[in-house]
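The values are calculated or read from the model by the stated rules, or taken from the named source; none is laboratory data. Just so it is clear, the model here is predicted, and its values are computed rather than measured. Methodologically, a virtual Cβ is constructed for each residue, glycine included, from the backbone with ideal geometry; neighbour enumeration extends over all protein chains shown. Accessible surface is based on the protein model in full, side chains and every heavy atom, while ligands, DNA and RNA are left aside. Shrake-Rupley method; radii C 1.70, N 1.55, O 1.52, S 1.80 Å.
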Amino acid sequence: MPTTVLSDTLTVSALGLGGMGLTAAYGGTTTQEAVATVNAAIDLGVTFLDTADVYGEPRPGTEGPPGTNEEMFGQVLATRRDEVQIATKFGITGAVGDGIPTRGDAAYVQAACEASLRRLGVETIDLYYLHRRELDRPIEETVGAMAELVRQGKVAHLGLSEVTGPELRAAAAVHPIAAVQSEWSLWSRDVERHVVPAAIEVGAGFVPYSPLGRGFLTGTLTRESLAGTLRAGQARFEEHFEANQQVVEVVRSVATEVDATPAQVALAWLYAQGRRLGIPVVPIPGTRRAERVAENAGALAVELTEDHLTRLDAVADRVQGGRNLGFAGPTWISAGRE
């Protein structure tokens with residue numbers, strides 16, 4: 001698989017693997033199946049693995065992030081550490097959906113990193129993200145504490161998730177930021193207004209999460225499949241489910257013309273958009289099945305014409321419903337703070 005230089009000192013596979021759905025959020029799977037999927041991804045050349053301390057099923061009777069997703073990745077890293085770059089995140093201090101508490105004080109930054117290192121079974125985290133900032137704490141303070149982790153050798157590169165342009169610039173003034181992670185796809189393009197330009201300015205690459213629109217852009221979702229997942233309660237999936245099928249139809253039409261799947265077209269558009277805007281882009285689609293990893297990797301061979309890109313660009317104006325999760329407030333995503 002080709003590689004992408006996210007920042008001056010961080011090179012990763014051109015496609016990454018998002019791990020959240022392997023242990024929760026969209027139904028999850030067994031640890032054995034999840035480990036098999038991650039190993040299959042590495043065998044295909046996908047070496048950029050993404051997790052977070054909050055991903056996974058909550059542990060009954062305990063507080064704080066569950067960490068079960070990191071533990072699953074730790075089983076893979078035990079034998080394949082030298083083959084991959086591992087990214088994880090901190091800052092959300094409880095299970096998503098439980099009021100979404102966040103912390104960014106220095107003591108917590110240190111403790112969270114050490115806990116992730118133990119669960120992953122590694123000495124150094126390749127890319128350590130602030131998952132969500134503590135809004136009443138200056139981001140410079142949190143990034144300063146993260147920079148101390150770099151000096152200690154516990155972290156190699158720093159990243160930020162769902163930050164605004166001004167927040168990114170303020171953070172980069174404290175320590176270089178290698179990557180910004182945010183939702184970005186054919187139907188979620190708000191980051192192009194302010195966040196992408198700021199990332200280009202500070203020299204950070206972009207890691208789009210949910211690049212397939214939480215599965216919607218693949219054309220495989222049904223209303224029944226929404227129940228019990230993070231999609232439930234999100235307007236674009238529920239009251240606007242039928243109206244947004246028009247987006248899928250455009251993607252499906254282009255896919256037919258280029259002999260690809262809708263998922264491959266959606267990812268190919270992201271790569272093309274990165275080239276057009278002048279920023280390195282490494283999507284991290286999540287999946288529970290190895291064959292989907294192979295399908296997603298096929299996007300790197302898809303060539304879209306200017307006509308295809310024009311038609312795909314236009315779907316953003318036809319999307320009904322915002323991208324914020326149903327249980328989260330407006331400031332949970334960067335667009336809500338711009």
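So that you can scan it fast, the table gives a plain yes or no per residue for (1) outside any loop (DSSP other than H, G, I, E, B); (2) modelled with pLDDT under 95; (3) within 20 Å of the chain's Cα centre (by Cα):
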site: PRO65; (1), (2), (3): no, yes, yes
site: GLN110; (1), (2), (3): yes, no, no
site: CYS113; (1), (2), (3): yes, no, yes
site: TYR129; (1), (2), (3): yes, no, yes
Next item on the list: Mind telling me which of the residues LEU300, LEU230, LEU267 ends up being of a type in the set (A, V, I, L, M, F, W, C), in a helix (DSSP H, G or I), farther than 15 Å from LEU217 by Cβ and under 22 Å from the mean Cα position of the chain (by Cα)?
Entry: LEU300
Margin query: So GLY274 ticks every box in (1) crowded, with 16+ Cβ neighbours inside 10 Å; (2) in contact (Cβ under 8 Å) with a residue 60 or more places away in the chain; (3) within 15 Å of GLY213 (Cα to Cα) but one. Which box is left unticked?
Written below: (3)
Item checked: Residues being open to solvent by 30 Å² or more (accessible area, probe 1.4 Å) and outside any strand (DSSP E or B) - total across segment 143-161 -> 6
Item checked: VAL251 touching a Ser or Thr at 6+ places or on another chain (Cβ under 9 Å), at pLDDT 90 or above and farther than 20 Å from TYR209 by Cβ -> no
Notebook entry, point to check: Restricted to segment 126-142, and to residues that are of a type in the set (A, V, I, L, M) and out of contact with any Leu (no Cβ under 7 Å at 6 or more places or on another chain), which residue is least open to solvent (accessible area, probe 1.4 Å)?
Noted result: ILE139
Margin query: Which pairs turn up if I take residues in segment 105-118 that are over 14 Å from ILE92 (Cα atoms) and among the aliphatic types (A, V, I, L, M) and look for partners that are open to solvent by 30 Å² or more (accessible area, probe 1.4 Å) and in a helix (DSSP H, G or I) with beta carbon separation below 8 Å, at least 6 apart in sequence or on another chain?
Written below: ALA106/GLU141; ALA106/GLU148
Check: Restricting attention to segment 70-84, does a residue exist that is open to solvent by 30 Å² or more (accessible area, probe 1.4 Å) and either more than 26 Å from THR30 (Cα to Cα) or not in a helix (DSSP H, G or I) (or both)?
Finding: no
Next item on the list: Pick out the one residue from VAL46, VAL12, VAL38 that is part of a loop (DSSP other than H, G, I, E, B), open to solvent by less than 10 Å² (accessible area, probe 1.4 Å) and touching a residue at least 12 places away in the same chain (Cβ under 8 Å).
Entry: VAL46
Notebook entry, point to check: Just one of the numbered conditions (1) farther than 30 Å from ALA172 by Cβ; (2) out of contact with any Gly (no Cβ under 8 Å at 6 or more places or on another chain); (3) open to solvent by less than 20 Å² (accessible area, probe 1.4 Å); (4) modelled with pLDDT under 95 is not true of ARG289; which one?
Noted result: (3)
Next item on the list: For THR256, state whether it is open to solvent by 70 Å² or more (accessible area, probe 1.4 Å) and assigned to a helix (DSSP H, G or I).
Entry: yes
Next item on the list: For segment 211-219, state whether one or more residues are among the charged types (D, E, K, R), out of contact with any Asp or Glu (no Cβ under 6 Å at 6 or more places or on another chain) and modelled with pLDDT under 95.
Entry: yes
Notebook entry, point to check: Looking at ALA227, ALA294, ALA266, ALA204, which is the one that is open to solvent by 10 Å² or more (accessible area, probe 1.4 Å), out of contact with any Phe, Trp or Tyr (no Cβ under 8 Å at 6 or more places or on another chain) and touching a residue at least 40 places away in the same chain (Cβ under 8 Å)?
Noted result: ALA294
